[in-house]
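Step one of this worksheet: look at the structure below.
The values are calculated or read from the model by the stated rules, or taken from the named source; none is laboratory data. This is a predicted model, so every value here is computed, not measured. Glycine also receives a Cβ, built like all others from the backbone with ideal geometry; neighbour counts cover every protein chain displayed.
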Amino acid sequence: MQLYMRLAWRNIWRHRRRTITILISIVLVMGLMIFYDGLMSGFEQAIYGNAIKVFGGNVQVHAVGYLEKRDTNPLLPLENDTAIVDAANKLPQVVSASRRIITSGLVTSREGAFPVGITALEPELETPLSVIAQNMKEGRFLTSADEDMVVVGKGLALAMGISVGDRISLVGRAQHEQMRTRTMTVVGIYNLGMADLEKRTVYISLAEGQSLYSLENQSTEIAIVLQSIGQEAAVMSPLKAQFPAFEITSWETSFPELQAAVNGKGGAMDVLSVFIYLISGIGIFNLLMMAVYERTREIGMLGALGFKPRQIGFMFVLEGLMIGLVGVIFGVSFGLAINLIFGKIGMDFGAYTTITEYMALVSGRIYPGLGLEQLPKRIIMVIVICGLASLYPAIEASRREPAEALHFV
């Protein structure tokens, strides 16, 4: 084996220009794939991370029975909710854990009645991380002292013909399907650039929600925000062990439409990867086939010296694998270097926030990650492609008759 490796290593550098051409193609493919993975990781954290914050955090805790009835937003109080919050805040991945009351109802004005989801939250805990609080168009966000105050979305405000300071009627479903109505003052209007979402959700303080729905010192949901997407399992496991009597779920279960969007992005990337790998493989195949014809006399010499056809073919496959390995090493270094640079300075996508609804959640700059999640798969695929691309040239080389090859000009 050592002999084959020495011969293969020597052979790939005998024709430096050809080898460097192959290596450049592999390095560019590998580097750009890693950069794309890092960029998508940055987009995922910026777009889906913000969407998760809007919808209710990476992890949610509910009372038993909530998931079965979640389409109706049942008001099932959590027993000892503060203990869950304290336990969650002790975990290193957790940025924030706060109590909420989630229900559904109607808001009415002169323009009519509009169905909405009603979220009662702890303003002081959620404001530092709240995408809603960071995108107030008019007025201000909530405080814990607010009574009969509501924050609505721009889309809903336009539909209802209201502005800050106007009063609207809020009708919500309390426990046991009782309906509660209260006249509220609009204290703020948020603008996410997502009109449909803005029409669907209004916000009040947790204290107001507890008073309105007769849930004194209680909540129906714990919303847990993590440092990044992907840490959910590490947080859910210890919480489930400590609080087995609760339903603890991640955003993937709670917000299936968002999970579908993430999976759709991943599927598109897999299709793109296949085309990139095929282009790279065809290039390597062509260059190795050229090497077979250029080295016909050499192949004949190896046969005359006693090398068997399978040994000659194996050496060509080994050359392809070695070129792939060298290309992967430099390609990974190239891709990681790009991601490190842009991960520090960021990339400005502020001009593209209106392309799609979810792009509106981009704050302006995207900071790519390293793209390490897909790295093992990328490395294996490139090396496998190099090996497969060298198979036919290896077979062709092994079929050369030594006597004919030695007379080849």
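The table that follows gives values for the structure above.
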quantity	calculated
Residue under evaluation Arg110, criteria (1) in contact with a helix residue (DSSP H, G or I) (Cβ under 9 Å, 6 or more places away or on another chain); (2) crowded, with 16+ Cβ neighbours inside 10 Å, criterion not met	(2)
Condition check for Ser104: under 24 Å from the mean Cα position of the chain (by Cα) and surrounded by fewer than 20 Cβ atoms within 10 Å (Cβ to Cβ)	no
Residue among Thr185, Thr220 that is β-branched (Val, Ile, Thr), at negative phi, surrounded by fewer than 22 Cβ atoms within 10 Å (Cβ to Cβ) and modelled with pLDDT of 85 or more	Thr185
Number of the condition not met by Tyr392 [criteria: (1) modelled with pLDDT of 75 or more; (2) within 19 Å of Leu318 (Cβ to Cβ)]	(1)
Search result, residues across the stretch 118-136 that are modelled with pLDDT of 90 or more, assigned to a strand (DSSP E or B) and of a type outside the set (Val, Ile, Thr)	Ala120, Leu121
Which numbered condition Met359 misses (of (1) at pLDDT below 80; (2) touching a Gly at 6+ places or on another chain (Cβ under 9 Å); (3) in a helix (DSSP H, G or I); (4) under 30 Å from Ile282 (Cα atoms))	(4)
Residue list for the stretch 191-207, filter: at pLDDT 85 or above and in contact with a Ser or Thr (Cβ under 9 Å, 6 or more places away or on another chain)	Thr201, Val202, Tyr203, Ile204, Ser205, Leu206, Ala207
Breaking point among (1) assigned by TED's automatic domain parsing to the domain that holds Ser214; (2) in contact with a strand residue (DSSP E or B) (Cβ under 9 Å, 6 or more places away or on another chain), for Asn80	(2)
Output for the stretch 313-349, where each listed residue is within 11 Å of Leu370 (Cα to Cα), among the aliphatic types (A, V, I, L, M) and buried (at least 20 other Cβ atoms within 10 Å of the Cβ)	Val332
Condition check for Val85: surrounded by 15 or more Cβ atoms within 10 Å (Cβ to Cβ), in the same structural domain as Met194 (by TED's automatic domain parsing) and under 24 Å from Glu216 (Cβ atoms)	yes
Residue count, the stretch 141-170 (criterion: touching a residue at least 40 places away in the same chain (Cβ under 8 Å), surrounded by fewer than 17 Cβ atoms within 10 Å (Cβ to Cβ) and more than 20 Å from Ser98 (Cα to Cα))	4
